[in-house]
């Protein structure tokens with residue numbers, strides 16, 4: 001949950017852990033149930049926030065989106081944050097913004113800045 005600013009930036013105010021409804025390929029696929037997503041969106045709106053992105057890990061794979069990630073991404077303008085996990089340790093995190101220009105959905109690299 002977070003906020004969009006007037007120039008396309010985002011500020012994350014809270015992260016919400018979601019369950020994985022996939023019953024196959026649990027190690028490398030995820031799916032958030034629509035009812036859980038609706039609940040989170042409602043909670044965000046009640047708090048004055050929006051859904052600004054999604055995060056997941058890639059065990060033993062690079063911190064880069066896959067063809068499946070792109071095919072299953074639907075929240076244009078949101079960030080998709082991916083962390084590479086190697087031997088059980090987080091090693092690299094990258095962020096990508098989902099854009100849909102001229103009917104061509106695609107990811108572009110996005111600067112990820114952590115401010116505490």
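Being under 15 Å from residue 9 (Cα atoms) and in contact with a strand residue (DSSP E or B) (Cβ under 9 Å, 6 or more places away or on another chain) narrows it down to one residue among 95, 84; which is it? Show your work before the answer.
Values: 84 fails: under 15 Å from residue 9 (Cα atoms).
Matching residue, one of 95, 84: 95.
Is the stretch 49-58 home to any residue that is free of Cβ contacts under 8 Å to residues at least 40 places away in the same chain, surrounded by 13 or more Cβ atoms within 10 Å (Cβ to Cβ), under 21 Å from residue 3 (Cβ atoms) and out of contact with any strand residue (DSSP E or B) (no Cβ under 6 Å at 6 or more places or on another chain)?
To start, the set of residues in the stretch 49-58 that are free of Cβ contacts under 8 Å to residues at least 40 places away in the same chain comprises 54, 56-58.
Narrowing further to those that are surrounded by 13 or more Cβ atoms within 10 Å (Cβ to Cβ): 54, 56-58.
If we keep only those that are under 21 Å from residue 3 (Cβ atoms) as well, we get 54.
Filter once more, keeping what is out of contact with any strand residue (DSSP E or B) (no Cβ under 6 Å at 6 or more places or on another chain): none.
No - not one qualifying residue is present in the stretch 49-58.
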Would you please name the residue that is farthest from the chain's Cα centre (by Cα), looking only at residues in the stretch 31-47 that are in contact (Cβ under 8 Å) with a residue 24 or more places away in the chain and closer than 25 Å to residue 3 by Cβ?
47
For residue 40, all conditions in the list (1) out of contact with any strand residue (DSSP E or B) (no Cβ under 8 Å at 6 or more places or on another chain); (2) surrounded by fewer than 13 Cβ atoms within 10 Å (Cβ to Cβ) hold save one; what is the number of the exception?
(2)
Given the condition surrounded by 12 or more Cβ atoms within 10 Å (Cβ to Cβ) and part of a strand (DSSP E or B), answer yes or no: does some residue in the stretch 64-72 qualify?
no
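Here, each number is a calculation from the coordinates, and none is a lab measurement. The structure presented is a predicted model; accordingly, all values stated were derived computationally and were not measured. Here the Cβ is made from the backbone with ideal geometry for all residues, glycine too, and neighbour counts use every protein chain on show.
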